[in-house]
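The next block holds one structure in the form of structure tokens; read it before the comments.
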Amino acid sequence: MGAFLVRRLSINVLVFFLITIAIFALVHKTPGDPIAMQIPADQLNSGSAEFIAQKRAELGLDGSLVTQYWHWLTNALHGDLGYSLLNGRPVTEVLGERVGPTVELMGVGLLVSLLIAFPLGILAARRRNSWLDYGATVVSLGSVSVPVFFVALIVIYVFTLKFQWFPSSGISDPTNPSLLNTLHHLVLPALILGFGNSGPFMRYVRSSMITELGADYVRTANAKGATPRRVVLRHAFRNSLIPVLTVIATNLPQLLAGAVVIEQVFAWPGMGQLAVSSVNQHDYSVIVGFALLIAILVLLSNLLADVLYTVVDPRVRLR
Amino acid sequence: MTAERDPGLATTPAPAATPGSGVAATPASRAVPAERAGEAQLLRIEDLSVDFHTDDDVVHAVTGVTLAVAAGEIVAIVGESGSGKTVTAMSVLRLLPKAAEVKAEAIAFRGTDLRTLSAAELRKIRGGPVGMIFQDPMTALNPVMTIGAQVAEAVVLHQARPDKKTAWQRAVELLRLVGVPDPAERVKQYPHEFSGGMRQRAMIAMAIANDPDLIIADEPTTALDVTIQAQVLALLKKAQAETGAATILITHDLGIVAELADRVVVMYAGRVVESAGVRELFAQPRHPYTKGLLASLPRMDVDVDQLDPIPGNPPNMADPPAGCAFHPRCPLARDRCRTDRPPLLAIGDGRTSACHYHEELA
Amino acid sequence: MTATTVSAPAARTPARAALRRFRKHPAALVSVVFIALVVLAAIFARPLSGHDPNAIDLLSARSGPSGAHLLGTDSTGRDVLSRLLFAGRISLGVGIASAAIAVVIGTVLGSIAGLLGGWVDGLVMRLADVFLSFPSLVVIVVVAGVLGPSVLTMVIAIGLFQWPVCGRIVRGVTLSLREQEFVLASRATGAGPLWLMRKHIIPAALPPVSVVATLAVAQAIALEATLSFLGLGVQPPAASWGNMLTDAQSLTVIRSEPWLWLSPGIAVALTVLAVNFIGDGLRDAVDPRSSS
């Protein structure tokens, strides 16, 4: 198991560094003087020419592209992502306060999608070609096909405007930020995000379960006198988890795509909303910081997938 | 037969059979539950037909198979792959996929027609009085469950009061019984840590876990190395002798048949073509297909060069030949064989044959 | 289980069998008709709508559906129906163009990986993994942020993120073909890789690639709509189903002018759903094992 994980880890870290090069290329593409992204705006405006020249030398901006990349990367890995072009605040700080709400939204959204995908996928696999299976297929195709923003508008129309059951803006009421109020605000965005991601997950669960239910060991379990419930949950399900968990973990970054849109519609103060507004306001330093954050998320998800794989499959665990 | 029964096998009261009565003894005299005295056979399959429905075709995998197994008896079902022998065996415990349509006059075990049982009642039979052993022990065991958990599951599913602890102890005992060394440690291992032979031993342990009256073994040694085959066969023999269970042995290997079986049923293209006691069948086959099988069997006294495999291939079951299904490959075939299907007839000596010209082979 | 060979009766070519299976998929058949109508509507957008999609008419702004404007007008009085029809051109165009890019890249890289094998194969497949593990929408948001939003950037970016699925399939087909004798024979006679691709790989990969290409079109249409909705795709005044909904982000519009967001939303949803259904039907037709 150790060797497997070490190999996977080194591949992933290598890929991560290649991606930081791509991100640096983006930095290089941004219009304007790169020094503006790396020192606060007030220093830039008030500083003398010597001061700025000195800073430029410190930041390696006079050197070759390789030196510049190296300076940028070491700074970034030390948590220094430069300063927002918009308000001069450190990018790490600007991004940092947005991570929490997005993680909250993605976490609950993931939970919702799994709660939809697993039962439906397992039932569809057990009753193949039944109306339930067809229904599940339609639900999953629907969740893939109907764009998240349109679902969001419908849901707001029905549940916020018509029935007035749930709020449709913000993470909580500023005057009453209790846990209950926060949860109340979370319901619609999390349900929509979860529904939007349940389709692919459900298909994975279904096809994996179909494969496992046809396996020889399932016949053995039946021949031992196990109940259908036991055959499905104790035998087939655990085996089906091996590919499914890996797929889910590597797909975690895809949840961010839904989150970007949902945060926009629901005025949810997360990273996605920050990214879109930074793009609209040309705040390049924040955009680059956001890109780096995506790369880290992808790296972590891939590592999580590898770890899960070794945990669930004894054949890998003991190798 | 063994006088000292292993204590592990005796935790449930032994059936009415006396341990001393050997397999060779008249089968009908053994292990018939009192309430079913009228039923001479342990298992009786009558006129079984199994069709598989695909998108385009219906495949008649099994047609009109009648088969009886007496208590304690070892019956071998022999045939090439595709002959319907596995499907016949799987239909007993309703282990066929949903696409299979099973029709029969009777599939009676200890006098009860298994088709009338509810799913819950059938589960009491599966793995209880009827144990099964499958062909490939690699795929037939669950890769993510320990061997111990899988053997213990076979036990716990049939305990009146499920008790994991005693089931686990029994699993260790069973593994020791089937010759797994250091069972207390190896119960914690996963199937991939077992060799093929050891995995098949674990399969056998699960099959005999609840002291069955009938063991159905589907090609139990086919997936194993030749040296391991002999060990597993010896174990099967021992397990059969000690539990006194009747056995249906599905195989294409006549060597195994000669070594283990009391009686042989030969299947071809989904039908029984011949049945006889093992000695009689080997001494004088009464169906040209059986004769062909025996001719292709390597023997000590015959040079390998003289082996005589049956020419041609098994028929396409979606579109079997008219008349006798064997006629395209049969050296005795005449015009009649191309149009009239020979019925399976009793030909004396407790034997049956489905050949128009079986007398020519006598 | 018994391995019984079921030979198909003669005179049944694979293509015919596939067509027969496709016809058994009612949702896919309805979808084909629907998509045909959408394509026709996009082509004949001008005669069908009777309005200039960009004609501003402030006097009749925000009016509901009526005889003059079947689907009402938007905040500057432009006719929603005509914008919807013209937007269809962009959506379908972006969808097909992106999928085409993905198929070309995927076919080239997939066959290179399959034919050369070794470290090239490893590299290409690793690259595919990397592209697949990134959320394309988010990356395109970042790229559009730096390079500025444009339809061309969007089409290329979407295509770039969709090639791995196609690439894997073509690689698999190539690998299995490599085992076959006639390909070995044609290599022995000195056939070049391009010839191999045209003569053997592409015909063999066509059925499964047609499935993923269809699904890629659906995904690209949805992505385009989402990006345009976020203001990072098709830029006004050009109409796109996504940017027609951008105005609907206020509760007032959602509540009181539903025609503004319902019609483009339904247009995207149904189009993407229909293309996905066609892909689903194609999959069943091409690979019968996947369904029953």
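No value in this document is a laboratory result; all are computed from the given coordinates. In this text the structure is predicted, and so the values were computed from the model without any measurement. Cβ coordinates were reconstructed from backbone atoms using ideal geometry, including for glycine residues, and neighbour counts include every protein chain displayed.
Descriptive notes on the structure:
- Near C:L71, the amide H atoms lying under 5 Å from its own belong to C:S66, C:V80, C:L81; only residues 5 or more places off or on other chains count, and H is placed 1.01 Å from N.
- Within chain B, longest stretch free of exposed trypsin sites (Lys or Arg not before Pro) [DSSP loop, at most 14 other beta carbons within 10 Å]: B:189-298
- With N as its number of residues, chain A has a Cα radius of gyration that, divided by 2.2 N^0.38 Å, comes to 1.22.
- If you plug the beta carbon distance of A:Q43 and A:H184 into 1/(1 + (r/R0)^6) with R0 = 60 Å, you get a FRET efficiency near 0.90.
- Close amide H pairs (under 5 Å, H built 1.01 Å from N) link B:L42 with B:V69, B:A70, B:A71, residues at least 5 positions away or on another chain.
- 3J(HN,Hα) couplings calculated from phi for segment B:183-194 with the Karplus curve 6.51 cos²θ - 1.76 cosθ + 1.60 (θ = phi - 60°) are, in sequence order, x, 4, 8, 6, 4, 7, 8, 9, x, 5, 8, 9 Hz; Gly and Pro show x.
- Centroid-to-centroid separation of segment B:337-356 and segment C:36-65 [C-alpha atoms, Å]: 81 Å
- Each Cα pair under 8 Å and six or more residues apart adds its sequence gap; the mean of these over the residue count of segment B:194-270 is a relative contact order of 35 percent.
- Structural descriptor for chain A: relative contact order 25 percent, calculated from alpha carbon pairs under 8 angstrom and at least 6 residues apart.
- For C:L232, net neighbour charge (Lys/Arg +1, Asp/Glu -1) across residues whose Cβ lies under 15 Å away: -3
- Spin-label pair C:L58/C:D129, simplified geometry with 7 Å Cα→Cβ offset, distance in nm: 5.9 nm
- Shielding by partners, peptide C:226-232 (average Cβ within 10 angstrom, other chains): 5
- Net charge over other residues, Cβ less than 13 angstrom from the Cβ of B:I125 (K, R count +1; D, E count -1): +4
- 14 Å beta-carbon shell around A:L59, net charge (K/R +1, D/E -1): -2
- Cα gyration tensor category, rounded, prolate or oblate, for segment C:1-143 with a/c compared to 1.5: oblate
- Sparse-neighbourhood loop sites, chymotrypsin sites (Phe, Trp or Tyr not before Pro) in segment A:132-241 - DSSP loop, at most 12 other Cβ within 10 angstrom: A:F163, A:W165
- Residues listed by number, segment C:193-215, amide nitrogen under 20 Å from C:E179 label point at 7 Å toward C-beta: C:197, C:200-209
- Using a Förster distance of 22 Å, the FRET efficiency for A:R128-B:S81 (Cβ separation, nearest 0.05): 0.25
- Normalised by residue count, chain B yields a Cα convex hull volume of 155 Å³ per residue.
- Each residue, A:Q164 and B:E193, gets one label point 7 Å from its Cα in the Cβ direction; the gap between the two is 6.4 nm.
- Close amide H pairs (under 5 Å, H built 1.01 Å from N) link B:I74 with B:T247, B:D262, B:R263, residues at least 5 positions away or on another chain.
- FRET efficiency, 1/(1 + (r/R0)^6) with R0 35 Å, evaluated for B:T116 and B:E359 via beta carbons: 0.30
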